[in-house]
Amino acid sequence: MDTQIEISDDDDSFIGPGCSKTAGNFFKDDVVAISSDEEFNNISNDIPALSDDEELPEVNLQRKAAIKSLFGSKNNKNESKKVESKKVPIRALFPQKQNVNVNVPKPAKIRQPIEAPKQVFKRMIEGVNVTLPVNPYGSQVALMSKIITAIKKSENCILESPTGSGKTLALLCGALAWQQHEQTRIGQVQVQQYFTQYPELKQEGVAEYIGSPVHQKTDVTPEKLFSKNSFGEKSIYYKPEQDGASSITKRQEKTPYKDESDEESSCNQVTIHKRPRLASTECIDDCKKSIPHTPEKTTDVVIPNTPESVRNLYNLVENLRIRTSMFVDCSLPTIYYGARTHTQLKQVIKEFKRTSYCGQVKMTLLSSRDKSCIKDFDRNLWTSRNDMCRACIKPLRKSERSENKENSNCKFYDNRVAMNHGCMPAAFDLEDLVEIGREREACPYYGARAMAKTSHIVFCPYNYLIDPSIRNSMSIELTGAVVIIDEAHNIEGICRDVASVNITRTQIQNAIKELEYVAEYRFHNPEVESYVESLLKTLKNWDDWFANQIPLINQQPVNNNEAVYKWQTEHFVGTLNNHNIGYKQYNEFKHNSENFCRRLREDPRTLMGATQATGTLLESMDMVLGFLFRGECKYMDDFKPALIRHITGKTNSLSSNTSWRASQFNEDKKDWISKDSLSLSLLCMNPGIVMEGLHKCRSLALSSGTLTPLLSLHSELATVFRHQVSPSHVIPQDRVWIGSLIGASGNQQKFTSAASDNPAARAFLGAALLRVCELAPHGVLCFLPSYSLLDKLVRDWRETGVWEKMNRIKNVFCEKRNDKDHEDIMNDFYQTVGTEKGALLFAVYRGKVSEGMDFKDYQARAVVCVGVPYPNTYDTAVSAKMEYNNKHLKERSLLTGSEWLRVQAYRALNQAVGRCVRHRGDWGAVLLVDARYQQEYFTEHLSKWVKGFLGNNHHTYESLESSPNGLAAFMERMKIMQQEETM
């Protein structure tokens with residue numbers, strides 16, 4: 001070879017013969033000359049030997065090639081001069097079994113391997129360039145098309161997509177792609193205004209640079225922009241050369257360790273040039289040296305309408321870019337992405353991390369103090385973390401301060417600014433947020449809230465978006481925002497719960513005691529005297545109201561340890577007016593409760609004796625009474641008041657501070673009391689009252705795998721959804737088995753609430769579960785209509801020996817009501833489900849397992865769904881809602897009460913079925929245990945994909961194993977297919 005081979009460290013294409021991509025890493029600062037007289041150490045034995053007479057060929061350069069093993073350190077400038085220029089045999093470079101030495105003075109600094117770029121697939125959807133990390137399914141394209149169209153037109157949409165079809169990824173990419181498209185549009189409009197004011201900026205690439213966000217990294221600089229001339233124009237750096245030809249300044253790479261002698265003796269050498277950093281001293285010096293000039297003849301270039309100097313022009317461009325970014329951030333709609341729980345949000349953020357938008361947009365995650373407070377909590381001092389936080393973060397009085405003390409009693413709060421986008425990773429979940437907060441000794445709760453003000457996308461539980469009281473406390477402003485509510489199949493119930501309240505007489509009496517204690521210090525805090533006295537008077541009137549209703553409740557029959565008296569709403573409002581706590585007194589109560597709660601948040605020391613329990617009670621009463629009395633009581637008919645007396649014994653306690661947020665259909669009775677109590681349930685029947693607060697957002701998207709029937713959402717939520725889509729499942733037909741078990745030969749089984757009391761039915765279910773556990777490998781899930789049925793089955797099976805047989809086949813677990821116990825059970829399940837024995841998990845529809853938890857691959861090879869999970873019609877809220885729908889059927893285009901009940905049942909069932917297959921490559925079986933599934937009426941509201949897979953695949957206990965279409969045949973085929981796939 002006659003010429004020198006130079007390797008630039010910014011070249012990405014080096015793959016030489018016999019060089020492994022993983023053999024080593026490039027070192028950007030290295031300059032290495034290779035001589036045939038030198039020997040080298042540390043050559044991988046994996047590199048094949050070549051013949052001695054072969055010479056180094058022309059090679060392509062690629063990072064992460066063998067340079068690390070070959071060139072372990074830098075050669076200094078003097079040593080590089082001594083290298084002889086000779087032909088280099090390939091064997092000298094890549095010997096197979098010989099010791100080699102590198103002429104290096106010291107070890108090179110080890111660099112971290114460069115992360116491989118994310119694979120991207122680009123699609124133009126509705127005029128917006130969408131980038132995805134995967135080649136999208138047709139269902140994903142349909143979802144993105146609808147959400148982009150809805151956002152562009154400032155309209156609402158309903159997006160139903162089966163579990164495992166990539167719904168979350170499509171929602172994120174579609175919304176973020178539109179946001180970036182809008183960001184570019186707003187930026188370009190602003191830039192065009194600048195061009196009118198500063199015509200000298202009209203250079204190629206200037207508009208794109210000024211319009212690009214400041215927080216995004218870019219290789220473009222003002223110097224680069226103005227070092228190039230537009231077509232047919234001269235650059236501001238233009239100077240004539242000696243021969244009369246014009247020249248444009250070019251940024252040349254500096255070659256360290258090279259002088260005149262190098263050019264004479266560097267033939268047949270490989271040199272890696274160091275690339276100077278932009279705006280560095282070396283780079284600027286080189287630029288100055290590289291500008292061609294003629295000493296005898298110089299020309300001053302004068303560009304009209306240009307600032308005084310080139311540097312002023314650069315500064316102007318940077319200032320305009322900063323100004324544009326601020327303008328765009330203020331104008332760009334924020335995306336709020338809500339899911340049911342933080343467990344679900346963790347999965348969403350995991351998908352967000354896969355996208356190319358991660359790192360380009362700023363995110364944050366909102367949570368409660370209970371989830372994110374890192375200050376030690378002493379239950380002996382505080383009743384809740386909220387009380388502790390609000391007391392500790394207030395500024396210390398001057399008398400309490402010292403030179404060593406911070407502004408408050410919480411060092412984490414004082415250091416909250418340390419939690420910012422600059423120190424946070426591009427994507428983080430709740431665990432990451434808390435961990436970083438501990439490392440930096442900064443408050444994750446307030447740090448995340450502060451980041452929300454400048455974030456492009458905000459993740460949070462969706463009750464933060466729906467509940468107006470939480471929105472206010474978290475300072476969430478939805479005007480003009482894009483709101484995505486994932487897993488929105490429960491949206492109707494959530495909205496009704498938000499506008500409903502349970503007030504106990506015990507809560508009222510406890511609040512009176514606290515306010516009386518506060519009033520004793522009225523001379524110390526005279527500014528709080530007025531509204532404390534007024535609130536005391538109002539609460540005492542409420543206590544008198546409860547006392548006067550006792551004769552009414554004593555006349556009611558007792559069922560399930562409860563006596564219930566229901567009013568007509570107008571009569572109930574009349575009783576409130578008679579006790580001076582009605583419509584006329586509401587505005588005064590609202591004013592006083594808002595002042596009290598604001599003071600409780602801002603400086604609780606001025607309300608000594610008051611706890612957050614009283615603040616929560618007043619806030620909930622204010623909100624619900626505000627809905628009831630809004631617009632001169634126009635929503636009066638949308639509420640159902642009921643007085644409930646809980647008789648001595650185990651009854652559901654409504655004295656919890658958060659009981660008014662409990663689900664109307666929740667059968668998880670957590671708190672129990674052993675004495676009589678009175679409570680007022682003011683139940684909202686119209687979820688549209690709460691949804692009205694979300695109408696101010698730019699676009700609202702409701703998404704879930706189980707929103708059928710879509711028509712009911714329009715009428716129930718009193719919201720217009722102009723765009724809706726419900727694509728098919730992406731799971732191949734041969735990887736899912738769905739069938740029903742109607743009973744044994746000649747004996748059909750219907751698992752209604754009455755039939756479940758039959759010992760024969762419980763024995764049949766036990767035998768069926770044993771057979772499924774024998775056929776299905778690893779994980780099996782079984783969903784039951786209620787916890788009471790689960791307890792009954794476990795007792796019965798323990799007595800008959802079925803429970804012991806199940807434990808011999810699988811490790812058996814049961815979903816727990818308590819959060820901590822449930823977490824422990826799930827950890828044990830995940831640890832054992834992957835073993836050869838596997839695990840069986842019993843759960844309840846609408847419980848923790850059925851919604852939001854991910855059971856992919858071997859964790860759920862079979863899902864058994866028992867019965868049809870209708871809500872309990874004896875529940876006051878359920879019966880009241882059915883009556884309400886029948887009353888307003890035609891007026892508000894609602895479903896009938898019975899049809900509404902059926903919809904609630906099948907949304908819960910479809911959620912449980914969705915635990916089976918979680919992605920396209922997954923496989924599993926679903927067994928619907930109830931003879932009613934033979935009838936079309938009982939399959940009508942199954943998800944479209946479930947109904948399609950089910951068909952007429954109904955089995956008896958015997959055919960489940962013997963039929964070619966049975967469960968046994970499917971499991972055997974899939975086991976063989978899985979073995980082939982893993983070979």
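With Cα atoms as the point set, the stretch 733-982 shows a radius of gyration and Dmax of 18.2, 60 Å. 3J(HN,Hα) couplings calculated from phi for the stretch 123-129 with the Karplus curve 6.51 cos²θ - 1.76 cosθ + 1.60 (θ = phi - 60°) are, in sequence order, 9, 8, 10, 6, x, 10, 6 Hz; Gly and Pro show x. Simple point charges give the picture: +1 on the Cβ of Lys and Arg, -1 on the Cβ of Asp and Glu, and for the stretch 863-983 a dipole about the Cα centre of about 500 debye. Loop-located chymotrypsin sites (Phe, Trp or Tyr not before Pro) in the stretch 837-906 (DSSP state not H, G, I, E or B) with no more than 14 neighbouring Cβ atoms inside 10 Å: 874.
The ranking of 695, 723, 888, 729 from fewest to most other beta carbons within 10 Å of each one's beta carbon is 695, 888, 723, 729. Give me the percent relative contact order of the stretch 539-581, please, defined on Cα pairs under 8 angstrom at least 6 residues apart. Relative contact order, the stretch 539-581: 49 percent. Per-residue packing, averaged as other Cβ atoms within 10 Å, sorts the ranges 568-580, 507-519 into the order 507-519, 568-580, beginning with the highest. The distance separating the Cα centre of the stretch 753-809 from that of the stretch 591-637 comes to 48 Å. For the cross-link pairs 453/590; 696/890; 816/848; 371/696; 153/944, the ones whose C-alpha atoms lie over 19 Å apart are 453/590; 696/890; 371/696; 153/944. Summarising the amide proton neighbourhood of residue 738: residues at separation of 5 or more, or on other chains, whose placed amide H is nearer than 5 Å comprise 926. Using θ = phi - 60° in the Karplus curve 6.51 cos²θ - 1.76 cosθ + 1.60, the 3J(HN,Hα) couplings for the stretch 344-355 round to 5, 5, 4, 5, 5, 5, 4, 5, 4, 5, 6, 7 Hz; x is entered for Gly and Pro. Using Cα-Cα distances under 8 Å and only pairs 6 or more residues apart, what relative contact order does the stretch 666-812 have, in percent? Worked out over the stretch 666-812, it gives 19 percent. Here the residues 617, 143, ranked from fewest to most Cβ neighbours within 10 Å of their Cβ, fall in the order 617, 143. Residue by residue, the stretch 421-438 carries 3J(HN,Hα) couplings of 5, x, 9, 8, x, 4, 9, 8, 9, 5, 4, 5, 4, 5, 5, 5, x, 5 Hz when phi is fed to the Karplus relation 6.51 cos²θ - 1.76 cosθ + 1.60 (θ = phi - 60°); x denotes Gly or Pro. If you take the Cα centroid of the stretch 179-203 and the Cα centroid of the stretch 910-983, the two points sit 57 Å apart.
Within the stretch 166-216, which GluC sites (Glu not before Pro) sit in a loop by DSSP and count at most 14 neighbouring Cβ atoms inside 10 Å?
204
Across the stretch 733-982, the relative contact order, built from alpha-carbon pairs under 8 Å that are at least six residues apart, equals 32 percent. Going from the residue with the fewest nearby Cβ atoms within 10 Å to the one with the most, 494, 466 rank 494, 466. Neighbours of residue 442 by Cβ distance under 10 Å: Lys/Arg scored +1, Asp/Glu scored -1, total +1.
Every number in this text was worked out from the coordinates using simple rules, so none of it is lab data. These figures come from a predicted structure and were not determined experimentally. All Cβ positions, glycine included, derive from the backbone under ideal geometry; neighbour counts span all protein chains shown.
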